[in-house]
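Written out below as structure tokens is the structure these notes cover.
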Amino acid sequence: MYIDNYNDVEKYLNEVPKFSSKNPFEATKGFYTYLQSIDNSKYSENNLGQIIHVAGTNGKGSVCSFMQEIAKSAEKKVGMFISPHLITTRERFCIDGACVSESEFVDAFNWVQKCIDAYRKDEELDKDIFFRHENYVPTYFEILFFMGIYIFINSGIEVCILETGLGGRLDTTNVIEKPSICIITEIGLDHMKYLGNTIEQIAAEKAGIIKPGIPVVTCDRKNAATVVIEKKSTECVSDCYKVSENTYKINEILKKCIDFSVYSGYYDYGRLVVNTEALYQVENAAIAIKAAEVLQYAPKDIIEGVRNMRWAGRMEEISDRVYIDGAHNEDGIKAFVETVNNSSVVKAFKNTKDTDSRCVLVFSAVNDKKYDKMIEMVTGIDVITDFVITRIPGERGVDIDELLLQFKKHTGKNIEVFDKISDAYEYALKHRGDNGIVYIVGSLYLAGVVEEIRKGNESI
């Protein structure tokens, strides 16, 4: 199979989940081993440079982005593989912070398809090594990961940053054998259908990325998770570095940035800056700083990289006093609420004498999240004057009537309902008044759709 058009490739990839299912990890590993053996081992992970492997429930993407900027500041060529994307699938592959071109994407896709065909047909492969199966069908995420290997190696990267998908132990990215460092961000109760019903069970899955002798940096926020990760690190004889709330200090929350300090046994950074008002990004920055220290990046590159980091869809101000936050689980919403309550913009809004201005929150969610708990938390934000409910298209979107029922349980404030996200967004912008605020939260998919609407796609 050969496809020469980007839109057709993206359409094909979107159809993959309908005819593929999760493969045994051994099958994924077998095909990965096969890829490393072809073309004189050109696609061996040894050619990916320094590999930074990141797992966790919340903050993975942000930590990846901090690490990317730190490596760029050190004048390293960086490849970053992340998920999900907001608008285009190409966002999942970044070279020095820019997503790959359509032609690069198509070229990588066709290479993977060619390799799949050859793998299925090669009867001389040792099944004990390659786990060859003539009916092997890679999943959506597997195809993208293998595309990433092709893109990064052909781009000549020096640093490879890999974000896991749902878990860790059985995640496709865990076929990597020798990362330079493993990072595990905050662990929370998410994707419980796949990872387990307790913090300990989920932490055990995430800790599956830890490799023998490879240093680990982790978020020490929940003791139950830390105990599991430390135990796995000990078993692997891997140094474990914990980042807790005692590791950093917020000095001042300014308009559009936060001034903070970290307590390091390595360097004195003085005062650092993250260019956001999202409080949770300070913790993510502290995790990245510790990882960069372990990897022996210079202090000046760490400081510059942290300052340069921008991350779409995470308390991102997309226009004046309009914010998108991709928080989509209880811990993420808790962090969002904390940020809103401490925002300088909110404090200014509370002091305004413009009684016609409103603080509007647009919300939607997918049905495999604890949206009832999320709604309970957002309705507790005092500054919000109006709630706007909309529905995410497709089978995963929570029904509007169900969302409305949950909102009415927790608030008597004004609630507006719109079936189309574009109508909800337009209403919020108009209803807030001249000096009001709009927050859009509940799902990364919702964040992505709003970004598409802003670019002119009014059909959603």
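Restricting attention to the stretch 306-329, which residues are surrounded by 21 or more Cβ atoms within 10 Å (Cβ to Cβ) and either basic (Lys, Arg) or not in a loop (DSSP other than H, G, I, E, B) (or both)? If the condition is that a residue be surrounded by 21 or more Cβ atoms within 10 Å (Cβ to Cβ) and either basic (Lys, Arg) or not in a loop (DSSP other than H, G, I, E, B) (or both), then Val306, Arg314, Val322, Tyr323, Ile324, Asp325 are the ones that fit.
So, of the residues in the stretch 1-41 that are assigned to a helix (DSSP H, G or I), among the acidic types (Asp, Glu) and more than 24 Å from the chain's Cα centre (by Cα), which turns out to be surrounded by the fewest Cβ atoms within 10 Å (Cβ to Cβ)?
In this case the residue turns out to be Glu26.
Each residue in the stretch 132-158 was checked for being touching a strand residue (DSSP E or B) at 6+ places or on another chain (Cβ under 6 Å) and either small (Gly, Ala, Ser) or not in a helix (DSSP H, G or I) (or both), and 3 of them qualify.
Surrounded by 22 or more Cβ atoms within 10 Å (Cβ to Cβ), farther than 19 Å from Arg314 by Cα and either in contact (Cβ under 8 Å) with a residue 24 or more places away in the chain or touching a His at 6+ places or on another chain (Cβ under 7 Å) (or both), is that true of Ala424? Show your work before the answer.
Working: surrounded by 22 or more Cβ atoms within 10 Å (Cβ to Cβ): yes; farther than 19 Å from Arg314 by Cα: yes; either in contact (Cβ under 8 Å) with a residue 24 or more places away in the chain or touching a His at 6+ places or on another chain (Cβ under 7 Å) (or both): yes.
Judged against the criteria, Ala424 is a match.
Yes or no, residue by residue, for (1) under 15 Å from Ala327 (Cβ atoms); (2) in contact with a helix residue (DSSP H, G or I) (Cβ under 6 Å, 6 or more places away or on another chain); (3) modelled with pLDDT under 95:
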site: Phe418; (1), (2), (3): no, yes, no
site: Tyr427; (1), (2), (3): no, no, no
site: Tyr439; (1), (2), (3): yes, no, no
site: Glu451; (1), (2), (3): no, no, yes
site: Lys455; (1), (2), (3): no, no, yes
site: Ile460; (1), (2), (3): no, yes, yes
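Scanning the stretch 213-225 for residues that are more than 13 Å from Thr247 (Cβ to Cβ), surrounded by fewer than 23 Cβ atoms within 10 Å (Cβ to Cβ) and free of Cβ contacts under 8 Å to residues at least 40 places away in the same chain yields Gly213, Ile214, Lys222, Asn223, Ala224. Do we find a residue being loosely packed, with under 15 Cβ neighbours inside 10 Å, closer than 23 Å to Ser357 by Cα and free of Cβ contacts under 8 Å to residues at least 60 places away in the same chain anywhere in the stretch 384-401? Checking the stretch 384-401: not a single residue is loosely packed, with under 15 Cβ neighbours inside 10 Å, closer than 23 Å to Ser357 by Cα and free of Cβ contacts under 8 Å to residues at least 60 places away in the same chain.
For every residue, the table says whether it meets (1) assigned by TED's automatic domain parsing to the domain that holds Val16; (2) crowded, with 20+ Cβ neighbours inside 10 Å; (3) among the charged types (D, E, K, R).
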{"site": "Asn46", "(1), (2), (3)": "yes, no, no"}
{"site": "Ala55", "(1), (2), (3)": "yes, yes, no"}
{"site": "Asn58", "(1), (2), (3)": "yes, yes, no"}
{"site": "Ala71", "(1), (2), (3)": "yes, yes, no"}
{"site": "Pro84", "(1), (2), (3)": "yes, no, no"}
{"site": "Arg92", "(1), (2), (3)": "yes, yes, yes"}
{"site": "Ala98", "(1), (2), (3)": "yes, no, no"}
{"site": "Trp111", "(1), (2), (3)": "yes, no, no"}
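When every residue of the stretch 432-444 is checked against the conditions, at least one turns out to be closer than 16 Å to Val366 by Cα and in contact with a Pro (Cβ under 8 Å, 6 or more places away or on another chain). Output the residues belonging to the stretch 42-55 that are touching a helix residue (DSSP H, G or I) at 6+ places or on another chain (Cβ under 8 Å) and not in a strand (DSSP E or B). Those that are touching a helix residue (DSSP H, G or I) at 6+ places or on another chain (Cβ under 8 Å) and not in a strand (DSSP E or B): Lys42, Tyr43, Ser44, Glu45, Asn47, Leu48. In the set (1) in contact with a strand residue (DSSP E or B) (Cβ under 7 Å, 6 or more places away or on another chain); (2) closer than 22 Å to Ile176 by Cα, the condition left unmet by Lys72 is number (2).
For (1) assigned to a strand (DSSP E or B); (2) under 23 Å from Phe336 (Cβ atoms); (3) not assigned by TED's automatic domain parsing to the domain that holds Ile214; (4) not acidic (Asp, Glu), each residue gets a yes or a no:
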{"position": "Lys249", "(1), (2), (3), (4)": "yes, yes, no, yes"}
{"position": "Phe260", "(1), (2), (3), (4)": "yes, yes, no, yes"}
{"position": "Ser264", "(1), (2), (3), (4)": "no, no, no, yes"}
{"position": "Ala285", "(1), (2), (3), (4)": "no, yes, no, yes"}
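Which residue is nearest to Gly442 (Cα to Cα), if the candidates are limited to the stretch 368-383 and must be part of a helix (DSSP H, G or I) and without any contact (Cβ under 8 Å) to a residue 40 or more places away in the chain? Result: Ile375.
Conditions tested, residue by residue: (1) of a type in the set (Phe, Trp, Tyr); (2) modelled with pLDDT of 90 or more; (3) over 30 Å from Glu124 (Cα atoms); (4) out of contact with any Leu (no Cβ under 7 Å at 6 or more places or on another chain).
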| position | (1), (2), (3), (4) |
| --- | --- |
| Met1 | no, no, no, yes |
| Val9 | no, yes, yes, yes |
| Phe19 | yes, no, no, yes |
| Gln36 | no, yes, no, yes |
| Tyr43 | yes, yes, no, no |
| Asn46 | no, yes, no, yes |
| Gly49 | no, yes, yes, yes |
| Ser62 | no, yes, yes, yes |
| Phe66 | yes, yes, yes, yes |
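The values are calculated or read from the model by the stated rules, or taken from the named source; none is laboratory data. Quick caveat, the model's predicted, so the values are computed rather than measured. Cβ: placed from backbone, ideal geometry, glycine included. Neighbour counts: every protein chain shown.
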